[in-house]
Amino acid sequence: MLPENYEAVKALIERVSDYYGPVEENPELEEQAAEMRRLTGRDWDAEEVGNWCFEYWSRASLDETAYYFFHGDLPETEETELAFWKYKPGVAGLDPAAVCERYRFGRGKPMKALEVLPYEEIVGRLARCFPGWETEEIDRKFSLKPASFYSEDPERPWYTREVRVYSYSDQMILVNFTNVPPEMQTAAVAVLEDLGCLRYAPEK
């Protein structure tokens, strides 16, 4: 069940964030902080309210920010990132950490030892691992257009399950899981391993 005044807190966050000057110069901030205290029942001071609402989207979603004002902390998330690539026949002995570091952010030139991956086919197969989830193409500057599969809980809108698939190179695919059940992660990994891809967990 959503907290009482949940939508009002979201609206207040948006109003506070509309002020783009220095936080301490916002003429309405003291009144807005008092309203935040009344709506959430927590003892927020004006500076905290101003700092958390200012460009809140750079650190959290609107729902996650509302959760913060009710609980004093952002909601916990479970996140896993995996990298996948496929060696050409007969290739062995390469250091996976070195390969990942070279291609994870598109720093390296194409590597003769790696296959080109069928990116669109993989995205299509991965989509079938998450039936009923929404699909979205993310508008970001990657070599290949990223895709996102996500599922929202109307009772916990701050808790989104999401899978992001993206790549800086057509020889490597990165998959980021956020709050995804282990059995669904296993099914997604199996899609890539069935295509002969090696799985690697990059260091944070």
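Structure summary
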{"quantity": "Residue check, R59 open to solvent by 80 Å² or more (accessible area, probe 1.4 Å) and of a type outside the set (S, T, Y)", "calculated": "yes"}
{"quantity": "Pairs, first under 16 Å from V123 (Cα atoms) and aromatic (F, W, Y) in the stretch 176-189, second part of a helix (DSSP H, G or I) and modelled with pLDDT of 95 or more, C-beta under 6 Å, six or more apart", "calculated": "F177/Q185"}
{"quantity": "Filter result for the condition that a residue is at pLDDT 95 or above and in contact with a Ser or Thr (Cβ under 8 Å, 6 or more places away or on another chain), over F69, F142", "calculated": "F69"}
{"quantity": "Those residues of the stretch 79-119 which are open to solvent by 80 Å² or more (accessible area, probe 1.4 Å) and under 25 Å from M184 (Cα atoms), in sequence order", "calculated": "E79"}
{"quantity": "Residue that is part of a loop (DSSP other than H, G, I, E, B) and touching a residue at least 60 places away in the same chain (Cβ under 8 Å), where the choices are P27, P3", "calculated": "P3"}
{"quantity": "The stretch 20-41, residues that are farther than 14 Å from A8 by Cβ and open to solvent by 50 Å² or more (accessible area, probe 1.4 Å)", "calculated": "Y20, P22, E24, E25, P27, E28, E30, E31"}
{"quantity": "Some residue of the stretch 3-14 being among the polar types (S, T, N, Q), open to solvent by 30 Å² or more (accessible area, probe 1.4 Å) and at pLDDT 95 or above", "calculated": "yes"}
{"quantity": "Enumeration of residues in the stretch 141-200 that are in a helix (DSSP H, G or I) and polar (S, T, N, Q)", "calculated": "Q185, T186"}
{"quantity": "Top-ranked residue of the stretch 153-187 - restricted to ones that are open to solvent by less than 50 Å² (accessible area, probe 1.4 Å) and over 17 Å from the mean Cα position of the chain (by Cα), ranked as farthest from Y6 (Cα to Cα)", "calculated": "Q171"}
{"quantity": "Given (1) within 30 Å of V163 (Cβ to Cβ); (2) touching a residue at least 24 places away in the same chain (Cβ under 8 Å), number of the condition L94 does not satisfy", "calculated": "(2)"}
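The values are calculated or read from the model by the stated rules, or taken from the named source; none is laboratory data. Source: prediction; values computed, not measured. A quick note on method: Cβ atoms are made from the backbone with ideal geometry, for glycine too, and the neighbour counts reach across all protein chains shown. Protein only, heavy atoms only, side chains kept; ligands, DNA and RNA dropped before computing areas. Shrake-Rupley method; radii C 1.70, N 1.55, O 1.52, S 1.80 Å.
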